[in-house]
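To start, the structure under review is shown below, and the notes come after it.
The values are calculated or read from the model by the stated rules, or taken from the named source; none is laboratory data. Just so it is clear, the structure is predicted and the values come from calculations on it, not from any experiment. Cβ placement follows ideal geometry from the backbone for every residue including glycine, while neighbour counts extend to all protein chains displayed. In case anyone asks, the SASA skips ligands and DNA or RNA and just uses the protein heavy atoms, side chains included. Shrake-Rupley method; radii C 1.70, N 1.55, O 1.52, S 1.80 Å.
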Amino acid sequence: MTKTGKLYGDSLYELALEKNVEQRTYSKELLDELRIVKSLFDENPDYIRLLQEPSIPRKTRLGLIDKAFGAQADEYLVKLLCEEELLSEFSGCEEEYRQRFQKDNNIAEAHVVSAVALSSQQKAALKAKLEEVWKKEIILVTKTDPNLMGGLKVEIEGRQLDGSVRSRLERLHKLI
């Protein structure tokens, strides 16, 4: 994340706090909007390039944002970044905003890698256990990697928990 992304994301979060005393309502809605816009930008990177094209008048680019996102285009961030020709910083802004929101609301993301897709029951059990240990609301972000052979790797708040079969075999190999 760049300094610019951090600055704009942090400023937007502070503005959201000022706009609504009930911090969780407005700031949560805004976080959801930012996630939607970020996923759309991630899926369509050419769109960001189009919105940054200097040969297209600024007013036309802002109109394109309104047309594409409608109510999901946050007036404070997407348009501001477009006007300032900083739209490539959107991802960093969303990341900073999300991190501030999660910290203030005792939420942590757990990035879980498993050899096979986890069932809904396994996800629920893992989430419950992590919430019990971390004393926070946990958001699971899962993906699969068949190279693990079995077990799980979990990264949460910068800490790595590796219970994969692959790592266990590697540790055994080092001992031999």
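Just the residues that are among the aliphatic types (A, V, I, L, M), open to solvent by 70 Å² or more (accessible area, probe 1.4 Å) and assigned to a helix (DSSP H, G or I), please, taken from region 2-32.
Step one: of region 2-32, the residues among the aliphatic types (A, V, I, L, M) are 7, 12, 15-17, 21, 30-31.
Add one more test, that the residue is open to solvent by 70 Å² or more (accessible area, probe 1.4 Å), and what stays is 7, 21.
Hit for region 2-32 is Leu7, nothing else.
The condition of being free of Cβ contacts under 8 Å to residues at least 24 places away in the same chain, open to solvent by 90 Å² or more (accessible area, probe 1.4 Å) and in a helix (DSSP H, G or I) holds for only one of Lys123, Lys129, that being Lys129. Residues of region 33-55 that are open to solvent by 60 Å² or more (accessible area, probe 1.4 Å) and farther than 13 Å from Val78 by Cα: Asp42, Glu43, Asn44, Pro45, Asp46, Arg49, Leu50, Glu53, Pro54, Ser55.
Across region 90-109, the qualifying residues are those that are assigned to a helix (DSSP H, G or I) and closer than 18 Å to Lys135 by Cα, and the one among them that is most open to solvent (accessible area, probe 1.4 Å) is Lys103.
Screening region 140-160 for residues that are closer than 20 Å to Asn106 by Cα, surrounded by fewer than 15 Cβ atoms within 10 Å (Cβ to Cβ) and in contact with a strand residue (DSSP E or B) (Cβ under 6 Å, 6 or more places away or on another chain) and picking the one that is modelled with the lowest pLDDT gives Glu157. Within region 110-120, the residues that satisfy the criterion of being touching a residue at least 12 places away in the same chain (Cβ under 8 Å) and either more than 17 Å from Arg159 (Cβ to Cβ) or buried (at least 16 other Cβ atoms within 10 Å of the Cβ) (or both) are Ala110, Val112, Val113, Ser114, Ala115, Val116, Ala117, Leu118.
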